[in-house]
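Note sheet for the following structure.
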Amino acid sequence: MTDSISKARRSANMRAVPSRNTRPEILVRRMAHSLGFRFRLHRPNLPGKPDIAFPAQQKAIFVHGCFWHQHKGCKRATVPKSNRNFWRLKLARNVARDAMQLAAIRKRGWRALVVWECEIKKERRLAAKMRRFLG
């Protein structure tokens, strides 16, 4: 009984985490727009539905949260102390899915860039990274 209750709570909590229009994603979109680039959002016809797509250039940007996508070497990429097995499995599946989606989008001839949540704080560095990628 307790296990089913905790699963229900966990499920409800994870549903509260948005997958689109997150604060980091909006900041990256604003930056791309301010750099003069125009784009499309969440293209369902592309693998992984990239957060930002530049169809004319065949380039896509994925904005990843450091926790959910386990950014290697980042202090935010931790595993919660409670229910560790569940979280390890869930986060490992996220990382595996990300790798498959990047491979699939590249196989279609698109270039992909991953912008990590922790990179957003350093605006100049991120702007330079985006200019190199999109330029």
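If the limit is 26 Å between Cα atoms, which of K72/K122; K59/K81; K81/K129; K75/K107; K90/K122; K81/K122 go over it? Intermediate values should be presented prior to the final figure.
On the way: K72/K122 18 Å; K59/K81 38 Å; K81/K129 34 Å; K75/K107 32 Å; K90/K122 29 Å; K81/K122 30 Å.
From K72/K122; K59/K81; K81/K129; K75/K107; K90/K122; K81/K122, over 26 Å: K59/K81; K81/K129; K75/K107; K90/K122; K81/K122.
Amide H contacts of K59: F54, R111, each under 5 Å away and 5 or more positions distant or on a separate chain (H built 1.01 Å from N in the peptide plane; Pro and chain starts excluded). Remark: the range 59-72, residue by residue, has Karplus-estimated 3J(HN,Hα) of 10, 9, 10, 10, 9, 10, x, 4, 6, 5, 10, 6, 5, 4 Hz, where x stands for each Gly or Pro and the curve is 6.51 cos²θ - 1.76 cosθ + 1.60 at θ = phi - 60°.
Counting each pair of different Cα atoms once, what's the Kirkwood radius of the range 20-134 in Å, rounded to one decimal?
On the way: mean 1/r = 0.0673 Å⁻¹.
Evaluated on the range 20-134, it is 14.9 Å.
3J(HN,Hα) couplings calculated from phi for the range 38-51 with the Karplus curve 6.51 cos²θ - 1.76 cosθ + 1.60 (θ = phi - 60°) are, in sequence order, 10, 8, 10, 10, 6, 5, x, 8, 10, x, x, 6, x, 4 Hz; Gly and Pro show x.
Of all beta bridges that DSSP places with both ends in the chain, some 45 percent have antiparallel geometry.
Computed from the coordinates by the stated procedures, all read-outs in this text should not be read as laboratory data. Bear in mind the structure is a predicted one, so any value in this text is a computation, not a measurement.
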